[in-house]
Amino acid sequence: MEITWHGHSCFTIKEKGTTIVMDPYTNLGTKLPALKANIVTLSDDLVDMEGDVAKVDGSPRVLSWPGEYDINGVNIEGYSAFHFAKSAETADQANCKVVIYNFFVGGFKVCHLSGLGHRLTNELTEVIGDVDILLVPVGGNLVIDAKKAVEVIEQIEPKLVIPMYYKIEGSKLEIEGIDTFLKAVGKTDGVTVQTLDIKKPEDLPVDKTDYVVLEPVLG
């Protein structure tokens, strides 16, 4: 299984002929590469309403709602959560819906926390369950900041964490960079790669959580 990050909350997962693209958003200051997929998931209600979704080739099946799905042999679960913007001017903004997705692909369970803006409820923690790879926002503002990200990681206890939704060069988002999060988890010397390639679940750490920072692949 290959995981590539394109900035913000956009990832590509490839596994045995199936490609999943998560949150292919536009108008954020950075440009996505040309993307092609069998499955596209959209997780941010605010962005969906504003139409800031980039084109993905391949006539993919598009998911934007909580539920259970089976597409191309990939099982997907979606659960409702929320942004809680500290700078929101209205209650509607402060409670903008997001969708957390669990992907069961290639023997791995990958959880994409979307634009989560709060600690997980007990119910969410239970339904998310055990996770191999956690994609977690860390930049603050509309999403959880580094401190809350650590708390959420402790709630889930994944084997591997990939941070997302933090400031990168060219981004228009008013969020923190990656350094604050790495300092919070004591991983200032963390591994940085362009694409994470994991062959089998046994390659993941046992009885601990590791961190991988992905370099954004942009257009």
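Numbers at a glance
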read-out: Semi-axis lengths (Å, descending) of the ellipsoid that matches the C-alpha gyration tensor of the stretch 137-219; value: 22, 17, 10
read-out: Where Rh is the Kirkwood radius over Cα pairs, Rg/Rh for the stretch 2-199; value: 0.92
read-out: Label-point gap, in nm, between E2 and Q194 - each point 7 angstrom along Cα→Cβ; value: 1.0
read-out: Fewest-first sequence of S171, S59, S64 by Cβ atoms within 10 Å of each Cβ; value: S59, S64, S171
read-out: Residue-averaged [θ]222 nm for the chain, counting only DSSP H segments that reach four residues, each worth -39500 (n - 2.57); value: -4000 deg cm²/dmol
read-out: Sites K147 and T121 - FRET efficiency at Förster radius 25 Å, r taken between beta-carbons, to 0.05; value: 0.85
read-out: Extended-chain gain in nm, criterion 0.36 nm per residue less alpha-carbon gap, E157 and K16; value: 48.0 nm
read-out: Förster radius 41 Å - calculated FRET efficiency between S59 and V206, Cβ distance, rounded to 0.05; value: 0.55
read-out: Those residues of the stretch 112-151 whose amide nitrogen sits under 11 Å from the label point placed on Y69, 7 Å along Cα→Cβ; value: none
read-out: Dipole-positive endmost among I156, L35, L204 within the chain (Cβ charges, Cα centre); value: L35
read-out: Peptides ranked, highest mean first, by Cβ atoms within 10 Å: ranges 123-132, 141-150; value: 141-150, 123-132
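Laboratory data are not the source of any read-out in this text; all were calculated from the coordinates shown. For clarity, every value in this text was computed on a predicted model and none was experimentally measured. Quick reminder, even Gly has a Cβ in these numbers, built from the backbone with ideal geometry, and neighbours come from all protein chains shown.
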